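Notes to accompany the following structure.
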Amino acid sequence: MHIPDGYLGPATYGTLFGITAPFWGYASWKLNRTLKSRQAPYLALGAAFSFVIMMFNIPVLGGTTGHATGTTLIAVLLGPWATIIAVSVALVIQALLFGDGGITALGANCFNIAVAGGLAGWGIYRVIAAGSDVRSKRRLVAAAIAAYLSLNVSALLTAVELGVQPLLERSPEGQPLYSPYPLTITIPAMLLEHVFLFGVVEAVITALVLRYLQKHEPEMLRL
Amino acid sequence: MKTVSKLWIGIAVLALLSPLGLIIPALFGAGGAWGEWSAEELRDLIGYVPAGMEKLSRLWSSPMPDYSVPGPRRGLFGESLGYMLTAVIGVAVTAGLAYLLAMWAGRKNRQQ
């Protein structure tokens, strides 16, 4: 899901920086108004969790791997705006220090995983959990469903961005200049593994951590 | 113990367990993620490297590519240690940067 440098043409990665930048701006402005400095450690924890959980690669049939992102769990606990900042920080460090995801693709990767993933996870959780008690089972179910769908939203966006490249960017001879596979390949390839495995892993991790927090640190679920 | 300290212990445990994310795929003979091949790997798949990708993919060379520490290959055990070390470094840098951003963002609300 971390698109490397060279897979997206300038039109696509430029557009996605353009779309993501206002979300970064609004999220910072929102934190500026609402975040108290005693909450800073939680933002750091969220970013660190997102970073490290993405290192747990899981093999899937067909010889590739994937992983959870922790985005929905962070969104449930900290809200969508803090999540956009926390997960974006993790993605920036992954790209700069470890070459996981491209520099030119940072706008795209932050949009897919942090912005769209965070807003979808938070929104779905809030709708399903609305009005439920902090310690209720419904919160766990809501978070699990939200995590599952959110990761698949991120995967689908990634697949679409990769899959439109052969349509947008071709040499005069008609050869793809960037990511070579069409939508008919990228969407099934990305969605199958996320629908059947990685989305389920994301849901289970989210529910397990939340259940622990419900029992031991219910204050954290007050949001 | 304070909530924050307990959660940090959880993150530390995850960082120490992170080599599982390297070892388990290796046991199954799985490579990287779909759509994240290097230019050379893509050449093996489709027979050529797209011209635009050729240029862009060399734009940035990270200091610890694929969560490995610089130096010669050391087998799965050595790579696992490197993976764990990069997890610790990554967690520390990520948390530090996020903390600074949060302190900066929340600077007006310091007293609360």
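Yes or no, residue by residue, for (1) closer than 30 Å to A:Thr186 by Cα; (2) among the polar types (S, T, N, Q); (3) more than 7 Å from chain A (Cβ to nearest Cβ):
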position: B:Pro25; (1), (2), (3): yes, no, no
position: B:Trp37; (1), (2), (3): yes, no, yes
position: B:Leu42; (1), (2), (3): yes, no, yes
position: B:Tyr48; (1), (2), (3): yes, no, yes
position: B:Gly52; (1), (2), (3): yes, no, no
position: B:Gly71; (1), (2), (3): no, no, yes
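Taking segment A:1-109 as the region of interest, the helices (runs of 4 or more DSSP H) fully inside it that hold 3 or more residues being under 30 Å from A:Leu167 (Cα atoms) and touching a Gly at 6+ places or on another chain (Cβ under 8 Å) are A:10-34, A:80-98.
For segment A:184-223, the candidate set comprises residues that are charged (D, E, K, R) and outside any helix (DSSP H, G or I); within that set, the residue that is farthest from the other protein chains (Cβ to nearest Cβ) is A:Arg222.
When segment A:142-178 is filtered for residues that are surrounded by fewer than 20 Cβ atoms within 10 Å (Cβ to Cβ), more than 14 Å from A:His194 (Cα to Cα) and not acidic (Asp, Glu), the ones remaining, listed by number, are A:Val160, A:Val164, A:Leu167, A:Leu168, A:Arg170, A:Ser171, A:Pro172, A:Gly174, A:Gln175. Count of segment A:133-169 residues, restricted to those that are of a type in the set (Asp, Glu) and under 26 Å from A:Ala207 (Cβ atoms), is 1. Note on segment A:28-38: among residues that are within 7 Å of chain B (Cβ to nearest Cβ) and free of Cβ contacts under 8 Å to residues at least 12 places away in the same chain, the one that is nearest to the chain's Cα centre (by Cα) is A:Asn32. Selection of first residues in segment A:163-189 that are touching a residue at least 24 places away in the same chain (Cβ under 8 Å) and of second residues that are assigned to a strand (DSSP E or B) and crowded, with 21+ Cβ neighbours inside 10 Å, restricted to Cβ pairs under 8 Å at least 6 apart or on distinct chains, gives the following pairs, ordered by first then second residue: A:Gln165/A:Pro176; A:Glu169/A:Pro176. The condition of being within 29 Å of A:Leu168 (Cα to Cα), free of Cβ contacts under 8 Å to residues at least 60 places away in the same chain, surrounded by 15 or more Cβ atoms within 10 Å (Cβ to Cβ) and at the interface with chain A (Cβ under 7 Å from one of its Cβ atoms) holds for only one of B:Leu97, B:Leu7, B:Leu56, that being B:Leu56. Scan segment B:53-104 for residues that are outside any loop (DSSP other than H, G, I, E, B) and within 25 Å of A:Ala105 (Cα to Cα) and the total you get is 25.
Values quoted throughout were computed directly from the atomic coordinates according to the rules given, and no laboratory measurement underlies them. All of these numbers come straight from a predicted model, not from anything done at the bench. Heads up, the Cβs are rebuilt from the backbone with ideal geometry, glycines too, and the neighbour counts pull from every protein chain shown.
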